[in-house]
Every structure is written in C-alpha cells, then in structure tokens.
1. In a GNM of the chain with a 10 Å cut-off on Cα contacts, which of Thr170, Thr12, Thr215 has the highest mean-square fluctuation?
2. Considering amide H positions built from the backbone, and no H for Pro or chain starts, which residues 5 or more places from Cys61, or on another chain, come under 5 Å of its amide H?
3. Give, rounded to the nearest 20 debye, the magnitude of the charge dipole that the chain has about its Cα centre when Lys and Arg contribute +1 at Cβ and Asp and Glu contribute -1 at Cβ.
4. Specify the residue with the greatest mean-square fluctuation among Pro117, Pro290, Pro90, computed from a Gaussian network of the chain linking alpha-carbon atoms under 10 Å apart.
5. Which of rounded, prolate, oblate describes the chain, given a ≥ b ≥ c as roots of the alpha-carbon gyration tensor eigenvalues and a/c under 1.5 marking rounded, otherwise prolate only if a/b is larger than b/c?
6. How high is the FRET efficiency from Asp77 to Asn244, r the C-beta distance, R0 51 Å, rounded to 0.05?
7. Could you tell me which GluC sites (Glu not before Pro) in the stretch 34-126 are loop residues by DSSP with no more than 10 other beta carbons within 10 angstrom of their beta carbon?
8. Dipole magnitude of the stretch 170-315 about its Cα centre, charges +1 at Lys/Arg Cβ and -1 at Asp/Glu Cβ only, in debye to the nearest 20?
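Nothing in this text is a laboratory measurement; each read-out follows from the coordinates by a stated rule. Here the structure is a predicted model, which is why all the values come from computation and not from measurement. Glycine gets a Cβ as well: all are built from the backbone with ideal geometry, and neighbour counts include every protein chain shown.
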Amino acid sequence: MIENEKLLKINTVKDRLKGDTLIAAHHYQNPEIVKCADLVGDSYKLAHLISKSSARNIILCGVNFMAESAAILAREDQKIFIPDSDALCPMAEMADIKVVEKVYEMLRSRYNIDLVPVVYVNSYIDLKNFVGREGGSTCTSSNAKIILQYYLKKNKKILFLPDYFLGANTANAMKDVNARKIIENGEIEDFDNDYVKEINIFLWDGFCPIHQQFTLNDILVLRKNYPEIKVIVHPESKEEVVNNSDYYGSTEYIYDMIKKSKKGSVWGVGTEGTFVQRLALENPDKKVIPLKDARCFNMAKINLDKLLDTLQAISDNKAEKYQVKVENNLKINASKALNKMIEIVESSRI
Ligand code: SF4
C-alpha cells in the first residue's frame, strides 16, 4: 500500500470510530504520522492537552514513557494505546528505582538535609510514584526552571533525575544555584558536610544518546560557513553546546522560535533530526540546518502500518495488546507528581 492509500485508510477507520479516538504525536515522529495526528507537541503540551481531551481512545505516537504518562493522567473511561510498545527511551532506563531510593535515603541520613526529588518526565511510573510520595514533582524541558525555582524558594535541596544535562543547564541559567553530579554509575560521591551544605541541586548521571551527539565543533563549523546563523539547541545537549548557542529551550520553544523568525533567517538547530527535517520543510522561507543529523530510532519505530493496525484493532474491539495499563498502586502518587507539575506551571502564569 502506498502512503496516500494508508492515510486514506487511517482516516476511514478513524471516521468509523466517530470522533471518539484521538491521535497524539510527539514532534519527533515521522512526518507521515504527524500528518494523521489530531495533536502534535512536546511532552508537556501532549500531557496537558490529553488530560483535557474528551476522547475515550487515545493513541500516543511517541516513546513508551509518554504513553505511560498519558495512562497515569487518564480518566476511568479513557484508554491509552501505543502502536509499538518497544519504542523505549534509553534515558528513562538510566534511573533504577532501587538505586534512586537508596541514594535518596543515604543523602538524607548522611547529611541530614531537607531534600525533595524532581524527575524529568522521561522516566517510568515507579520513579514518578516515588517522587509523588516524597512531595516532589515531574518536570519537562519547557518548565524545569519553574519547577526547580519553586522548591528552591522553599529552601529545599533537590535530587534531580535522570538527565544530568537538563539539570546542569537549567541550574547554570539560575543565579547563585550550585548543582553537582552526586552519582556516578549508581555510586554516591563522598563529599564532606560543609561541601554538601553549599549544594542546591544533586544531579543524577543520565543522558540522552541523541542530544549527546552535538559538539562545540558542530557549532563552530556552522558559524564559519554561515556568519549570520543563529544557533538554537535543546537543553539535553552538553553544557558547552548550550553555552555556545544563541538560544536554547524545549522542542516546542524551538518550533515556535523558528516559525516566528524573519523570512531569510538562518538557523543551526541542535535537536532530533526528524524534527529538524520537518522544521526545514515547514519553513521554506528560512534556512534550517541541523547541527548534526541525529535521529531517535525509538521514535521512528512508530509507522503508518502500526498506526493503522492499532486503529483497526480498536475498531474491532481487539486492541488489548496495544493498550497501556498502569498499576493502580503506583498511579495515585505518580499522578500527584504529574499534576504537581501542571499546578506549579499553571499558577506561575497568573
Ligand atoms: S530523543 Fe533522547 S530523550 Fe527523546 S526519546 Fe529519544 S532517546 Fe529519549
């Protein structure tokens, strides 16, 4: 079947479901998936909009922690589906709950500090459950600064996980905030008491293998070839990359900045390659160049065939294998952590 036929079939099955099924796609999805989507956004936008949707079936085209987050926030009458449950995020695998709990307790007992955990949404439900239970919050790359400031103003110290670079880059942008990597390969660094007193944010050692590919040299080469270029990168990138960019921010921020920029402007973009390719196509009056063509192959596991199979299975009432279910005993605290983020962000807009 060629692409147009598949798109037609997807729309036909969707129509049969009478508007009760919503397709939500992350920005890093393939362009043909984006074409079929009712909602397109980054993690925060999707989590927020899905939680307000009236649709009873939601197909999440993204990696599995995103579908899991949607399932945590879903109402009783909503079902969440993912077309390929093998679409994983390697970063989410980098914080094992048993190690996290051990380090958290060790930090509190060894140094006697008032600590709260903040977890990037790129994580699994067991971690979100732990964070909700301990009075912490999730965050995304679009709101990490707001969430960290919220707890720092309450004189808390923060254990930030799993992404070292999002934590470090966000802390670097705040005045008088001292962030240090406290953990290396599951082992806690041995600091003395006075040193720990000075630390505001303890960072885990996770990272995104895609955003780690960008280097300072990528930026220097582009600046040499295009002196007028503006470089914009995602905060999961290395500190030297963020520090040498003109702008940095979430995927949604990058999307909006380029869309709103002047005709003829030239952009060097440091984020996922499929998304940068779409940015170039959607902005033909500007020049959009990737720092490097770094693709997330887990995001690319979702394709039109799998989306069509999922829709067909929902229509036939046989979609059990695509449905994302979460354990009730973890859901309560995990949803507390996600809702805390939404509450902090929305109240900061007032
Ligand atoms: S781009 Fe990085 S953080 Fe995002 S899903 Fe892929 S591996 Fe995970």
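1. Thr12
2. Amide H neighbours of Cys61, under 5 Å, 5+ apart: Ala24, Ala25, His26.
3. Its charge dipole is roughly 1040 debye.
4. Pro90
5. The shape class here is oblate.
6. So, using R0 = 51 Å, E works out to roughly 0.55.
7. Glu76
8. Roughly 1060 debye, rounded to the nearest 20.
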